[in-house]
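Following: one structure in structure tokens, then a few remarks.
Bear in mind that the values in this text are calculations on the coordinates, not laboratory data. Values in this document were obtained by computation on a predicted structure and should not be read as measured data.
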Amino acid sequence: MTSVVLADDQALVRSGLRALLEARGIEVLGEAGDGRAAVGTTRALRPDVLVMDIRMPVMDGIAATREVVAAGLSSRVLVLTTYDLDEYVYEALRAGAAGFMLKASPPDRLVDAIDVVAGGEALLAPSLTQRLIAEYVRRPPPSAGIPEPLRDLTERELEVLALVARGLSNEDIAATLVVSLSTVKTHVNRILSKLELRGRAQAVVIAYESGLVRPGEESTTV
């Protein structure tokens with residue numbers, strides 16, 4: 001059974017989420033009303049997923065995400081946001097969140113999102129993620145060759161990273177490159193290891209920040 005901790009400064013929201021998730025077989029281990037409490041509760045209870053609002057008192061969701069990641073906890077962070085273009089979401093991805101979704105999403109989608117994140121994948125809706133990055137990532141100047149942060153990646157790994165940045169799943173990447181799913185998973189794991197990243201969400205950010213792919217353009221490989 002997947003376990004979660006709910007962090008939101010509104011008690012009514014937390015109680016509604018608890019009722020929703022427990023009715024669908026997800027175990028709610030605890031709740032927190034601010035970011036600091038979210039970090040402490042996650043440390044103590046070690047849920048599979050910390051479902052966290054961004055705007056909270058004492059410590060916001062971005063800082064809380066950063067602390068959970070820095071502590072090396074296995075719990076993965078799924079950020080909830082009210083707006084579909086929210087600069088805080090991008091910062092949360094940089095901080096190490098495994099993904100995000102909108103509070104207005106259908107209940108079943110939230111349940112699916114928790115299962116996806118708990119399973120080690122990133123939840124990155126391609127259209128929303130591309131819009132966020134296009135809006136909030138500063139485009140690096142064009143440069144020849146392989147971007148400095150990505151020098152340790154092989155040509156195939158760069159190709160896979162570019163496809164990840166476009167929001168493709170492992171299955172889609174395998175179909176695009178005509179390779180096996182296990183091969184794609186191996187490439188993704190090596191990319192995360194070489195770049196010392198926690199998950200696919202951070203890989204998307206570095207792909208854009210390094211200039212491997214650029215907002216509004218098709219991904220390119222080197």
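List of remarks:
- Put simply, the convex hull of the Cα atoms in region 1-57 casts, on average, a shadow of 3.3 nm².
- Over region 11-89, all Cα pairs binned in 10 Å intervals from 0 give whole-percent P(r) values of 18, 53, 28, 1, listed from short to long.
- Fraction of the pair-distance distribution of region 144-184 above 12 Å, Cα-Cα pairs, percent: 59
- A Cα-only calculation for region 57-124 places Rg and Dmax at 11.6, 32 Å.
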